[in-house]
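The values are calculated or read from the model by the stated rules, or taken from the named source; none is laboratory data. For clarity, every value in this text was computed on a predicted model and none was experimentally measured. No Cβ is skipped: glycine too gets one built from the backbone with ideal geometry, and neighbour counts run over all protein chains shown. We work out accessible area using only protein heavy atoms, side chains counted, and drop any ligands, DNA or RNA first. Shrake-Rupley method; radii C 1.70, N 1.55, O 1.52, S 1.80 Å.
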Amino acid sequence: METLNSEYQAATMPTYGRIDLSFVKGEGCYLITDDDTHFLDCASGIAVNTLGHCHPKLVETLNYQAKTLWHTSNLYRIPEQERLAYRLAQACSLDHVFFCNSGAEANEASVKMARRFQYRQNKPEKSTILCAGGAFHGRTLGMLSATSNPAYREGFGPSVAGFEHVAFGNLNELRNAMNQSIAAIMIEPVQGEGGANAAPDGYLQGLRDAADEFGALVIADEVQTGMGRTGSLFAYQQSGIQPDIVALAKGLGGGIPVGAVIAREDIGLAMGPGSHGSTFGGNPLAMAVANSVLDVLEEDGFMHHVQQISAYLLSRLTEIAGTYPKPINEIKGLGLLRGIGLNERLPAAELSAMLRAKMVLTVPAGLNTLRILPPLIITHSEVDILCDALTACLSEVSNQK
Ligand SMILES: *Cc1c(COP(=O)(O)O)cnc(C)c1O
């Protein structure tokens, strides 16, 4: 095992504000350092390690597949890819799945599909993608234009045309922005990076109605919310709407890089051979692991556990917010994508560092939201460890902040 080396570190491009900490092992909800310190992982690699670290079923699948077949390209049929496509399509009441490797790529493909579909409908004027303020859709040139935070775009211009933004959660503003040039509305059912903001009641239904009225598609960006994170397999399912396109990535492979776009049949057919592709997308290794992730999520009682533990986490966080009303403004989010909205005197990065000193890992969302994204397998006693550490941190700061 390599030890940390500052000369080596200097060779990595400084695109991240990294914490000076590294891990040698992962086990369930814990990340472990070389001196055997156990950190409770309530960040999950940013909503990736859905089943925690080194889940025995995933290890078994990965070991088997590593000895059998890794990659063949999409020149040939891939049985595990076809099976995962079928299962994901069934789960979304949609029909066709395209596989890629990341969230940004899944969203890029979603936008291409929406535009191509409108074009094939003889509506080439429908090309604009309507997005929400606070949205995060990825870091490619295209998805930077879909993402609302201008800081992410600084110095990377010119921006890609064809993206507009309206305030998240405001149906009047959304309806006013609708016109015949809108190809699709792209929306996160719960904004992750934007601050664990759940769509207000009725918002997604109103958005679906507005899209239908103007012949626009609905793209659900479930890159962070998908794969059980919010207490249902997909977050949109709790709103009762049916999206036309669903983008997935983070939790889909439990740590293996994989993304997917699930679409209605007529949208898939509007694509056709040669219209899009990915060298790595859907390779046997990634597909075998993603199928295993889905196997576990579909086990009897698994999603019930996620719902129960989500309710327990919410009750404990609500109680803590009641005890510390000064630093905590609100508890946000859904399921196991939770945000603690903080008073501006307590930056989320500061509280996250305090928790880290107590061996609990969390991740800020923006300046003022502390995000809690534990593995879906987290237990009651682990939620207690998180909440006790949080209480201890808040009691230290509550006198000053
Ligand atoms: C993380 C994220 C993305 C980007 O995913 P990458 O794999 O980093 O490209 C897109 N949309 C949402 C909602 C995300 O949370």
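Figures for the structure shown
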| quantity | calculated |
| --- | --- |
| Rounded percent of accessible protein surface that carbon and sulfur make up, segment 59-297, 1.4 Å probe | 52 |
| Diffusion constant of segment 252-401 at 25 °C, which comes from Stokes-Einstein with the Kirkwood Cα-pair radius and 0.890 mPa s, µm²/s | 137 |
| Point-charge dipole on Cβ atoms (K/R +1, D/E -1) for segment 59-297, about Cα centre, debye to 20 | 460 |
| Relative packing of 349-361, 91-103, 319-331, which averages over residues the other C-beta atoms within 10 Å, highest first | 91-103, 349-361, 319-331 |
| Computed Rg/Rh of segment 59-297, alpha carbon atoms with Kirkwood Rh | 0.96 |
| Amide H partners (placed H, <5 Å) of Tyr30, local residues excluded | Asp41, His53 |
| At R0 = 22 Å, FRET efficiency that the Cβ-Cβ distance of Arg87 and Glu265 yields, to 0.05 | 0.85 |
| Projected label distance in nm at Asp388 and Lys112, using a 7 Å step from Cα toward the beta-carbon | 5.1 |
| Cut-off under 5 Å, modelled amide H: who pairs with Cys100 long-range | Gly259, Ala260, Val261, Gly282 |
| Amide H partners (placed H, <5 Å) of Asp95, local residues excluded | Ala263, Arg264, Glu265 |
| Candidates Arg153, Arg77, Arg175: whichever shows maximal mean-square fluctuation once the chain is modelled as a Gaussian network with Cα springs under 10 Å | Arg77 |
| Integer Hz, Karplus 6.51/-1.76/1.60 couplings in order for segment 293-309, x for Gly and Pro | 4, 5, 3, 5, 4, 8, 4, 3, x, 5, 5, 4, 4, 4, 5, 5, 6 |
| Radius 14 Å from Cβ of Tyr312, net charge of other residues (Lys, Arg +1; Asp, Glu -1) | -2 |
| Accessible surface, per residue, of the chain when the full set of protein chains is kept, probe 1.4 Å, Å² | 45 |
| Segment 111-195 shape via C-alpha gyration tensor axes, a/c threshold 1.5 | oblate |
| Above-threshold pairs, the threshold being 29 Å between Cα atoms, out of Lys25/Lys67; Lys25/Lys326; Lys123/Lys332 | Lys25/Lys326; Lys123/Lys332 |
| Ranking by accessible area, most exposed first, for Lys57, Lys250 with a 1.4 Å probe | Lys57, Lys250 |
| Rough spin-label spacing in nm, given labels placed 7 Å along Cα→Cβ, for Asp295 and Ala167 | 4.9 |
| Helix-only CD estimate at 222 nm, as mean residue ellipticity for the chain, using -39500 (n - 2.57) per DSSP H run (n ≥ 4) | -11500 deg cm²/dmol |
| Residue among Ala389, Ala11, Ala106 with the largest mean-square fluctuation in a Gaussian network model of the chain, springs linking Cα atoms under 10 Å | Ala11 |
| Stretchable slack from Ser73 to Leu314, in nm (0.36 nm times residue separation minus alpha-carbon distance) | 82.4 nm |
| Gyration tensor over alpha-carbon atoms, segment 172-287, equivalent ellipsoid semi-axes in Å | 25, 20, 11 |
| Candidates Tyr16, Tyr30, Tyr152, ranked by Gaussian network fluctuation over the chain, Cα under 10 Å, top entry | Tyr16 |
| Using θ = phi - 60° and Karplus 6.51 cos²θ - 1.76 cosθ + 1.60, couplings along segment 165-179 (whole Hz; Gly, Pro as x) | 10, 10, 4, 5, x, 9, 5, 4, 5, 4, 4, 5, 7, 6, 7 |
| Kirkwood-type radius of the chain, with distances r between different C-alpha atoms, in Å | 21.9 |
| Karplus (6.51, -1.76, 1.60) ³J(HN,Hα), θ = phi - 60°, over segment 46-62, in Hz, Gly and Pro reported as x | 6, 6, 9, 7, 3, 9, x, 9, 6, 4, x, 5, 6, 5, 4, 4, 4 |
